[in-house]
Structure formats: C-alpha cells, structure tokens
Amino acid sequence: MNSNRFAVAVHIMSLLELNKGTRITSEYIAGSVNTNSVVIRRIIGMLNKAGLVHTSAGVAGAVLARPVEQITLLDIYRAVQSEGQEDLFAIHEKPNPECSVGRNIQASLESVFNEAQQAMENKLAAITLDRVTTDLANRP
C-alpha cells in the first residue's frame, strides 16, 4: 500500500475503542491523526463498507462493529486497500524487453514478492486490534 491509510485506519479504530461510550466526531479524530476530517470520513466509510464499524449521521460518528479481540490488523488492511490497488510489493510493468534483466525481472520477482506479501498478511492476521489498544492504554 503506497499510502498511510492503513496506519490512519488503525489509529481511527483505536480511538473508537479507547473512547467507546463517548461521542467523538470526525473532527476530533482528525485532530488526533493530524489530518483533515474529510480524510477521516473517507476512511471511516471504507471501514464501514468492510463491516468493521457502524456509522450514524450526526455527532455519534462511528462505533466498532465487533469486539477488538475479533478484529485483526489484516481485516483493517484489507478494508482500506482500494480495489485494483497493487499489493505492498509491485513489479515494474514496463521493463526494457531488449535487456536480459528487463525481459526476465518480472518472472524472477513475482514468486518472491508473492511470498513476502503472504508473510506480511499472515503476520497481520495474527495480531488483533486488542493488542494495539492494550499497548496504547498502557503507555503514558
């Protein structure tokens, strides 16, 4: 993912958990993330579409759709990865076919990049949002 959407999404969901029972607005979240509230609303929309948060109009904003123990970082990663967006590791699409490296680099890297992507996804699948929010709650 070529953006910080994943980190911002984890930030948003952590805020929702650590402030549950409190009404927090996209403006409040934007202040914590240090970004524009439009960015926050867009990412919350992606999380809502993925079934990770429930949204409502007005001040109430969003709430987590299920307990943090049941939400993995992979769930969040996939929620904010746009359709058609390349995986973390992308292969250059137009290398020079006249060059021996250029003509073969895609085939050489494809399986390596697929393995790396799978390893990252396996690691994210093993970590729940509970781990992140517990760590945050224990910090000064």
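A short reminder: the numbers here are calculations on the coordinates, not readings from a lab. Values in this document were obtained by computation on a predicted structure and should not be read as measured data. Here the Cβ is made from the backbone with ideal geometry for all residues, glycine too, and neighbour counts use every protein chain on show.
Computed values, structure above
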| quantity | calculated |
| --- | --- |
| Computed lengthening from N19 to L88, 0.36 nm per intervening residue step minus Cα-Cα distance | 21.7 nm |
| Rg(Cα)/(2.2 N^0.38 Å) for the chain, N = residue count | 1.27 |
| Candidates I76, I29, I91, ranked by Gaussian network fluctuation over the chain, Cα under 10 Å, top entry | I91 |
| Cleavage-rule hits, chymotrypsin sites (Phe, Trp or Tyr not before Pro), region 1-108, DSSP coil, Cβ neighbours within 10 Å at most 16 | F89 |
| Interchain or long-range residues, amide H under 5 Å from V53's placed H | N48, A65 |
| Among G31, G21, G102, residue whose mean-square fluctuation peaks in a GNM of the chain (springs only between Cα atoms under 10 Å) | G102 |
| Choice from H92, H11, H54 showing the highest fluctuation, given a GNM over the chain with Cα pairs closer than 10 Å | H92 |
| Cα→Cβ-extended label distance, 7 Å offset, between T134 and A57, nm | 4.0 |
| Cα centroid separation, region 75-140 to region 1-68 (Å) | 23 |
